[in-house]
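*Asks:* Have a look at this one.
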Amino acid sequence: MKGLQEARKLAGLTQRQASERLGIPLSTLRRWEQGVNEPDAASINKMADFYKVSTDYILGSGHVKHVDQPSDPDLDRLVRNYRAMGATERTALLAASDALAESAKHNGNVSGGGSVHDSAPEGR
């Protein structure tokens with residue numbers, strides 16, 4: 001499944017990382033990406049939600065990449081980097097992000113989007 005493999009690569013994940021985070025065996029993910037086997041509907045939905053893409057994109061039959069918002073290359077890069085990090089690196093990145101957001105707020109350089117403290121990050 002070309003779309004599945006592309007979504008994983010756009011997320012900046014290896015097959016092993018994706019299989020661990022999705023909770024599926026690595027061999028299963030490999031067979032799906034190679035087109036040897038096909039995932040069931042529940043798995044397709046789970047992967048589309050995880051990668052923030054449409055189910056059509058996962059299946060390789062659609063042109064809709066991101067379903068929740070327009071593409072922002074800088075944000076996409078940040079998300080790919082975040083997903084590739086371990087827990088320690090994620091914690092450090094979030095702390096730095098919080099400090100930068102506070103600095104911007106105090107300097108009047110906030111461009112909307114809410115507080116970085118509003119939601120708990122993955123893995124915490």
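*Asks:* Collect residues whose amide H, placed 1.01 Å from N in the peptide plane, falls under 5 Å from the amide H of Asn37; neighbours closer than 5 in sequence don't count.
*Replies:* Correct list: Trp32.
*Asks:* Turning to a different aspect of this structure: Could you check the spin-label model distance between Arg77 and Lys105? Points 7 Å from the Cα along Cα→Cβ, value in nm.
*Replies:* Output for this residue pair reads 2.6 nm.
*Asks:* Please compute the length gained on full extension between Asn45 and Thr28, using 0.36 nm multiplied by the number of residues separating them and subtracting their Cα-Cα distance.
*Replies:* 4.5 nm
*Asks:* Using θ = phi - 60° and the Karplus curve 6.51 cos²θ - 1.76 cosθ + 1.60, what whole-Hz ³J(HN,Hα) does each residue of segment 10-16 get, with Gly and Pro shown as x?
*Replies:* Going residue by residue, I get 5, 7, x, 10, 7, 4, 4 Hz, with x marking Gly and Pro.
*Asks:* Any idea what % of Cα-Cα pairs in segment 13-60 are farther than 13 Å? List each step's numbers first, then the result.
*Replies:* Numbers: 612 of 1128 pairs.
Tail of the P(r) past 13 Å holds 54 percent of the pairs.
Every number here is computed from the coordinates shown, using simple stated rules; none is lab data. Remember, predicted model here, so these are calculated numbers, not experimental data. All Cβ positions, glycine included, derive from the backbone under ideal geometry; neighbour counts span all protein chains shown.
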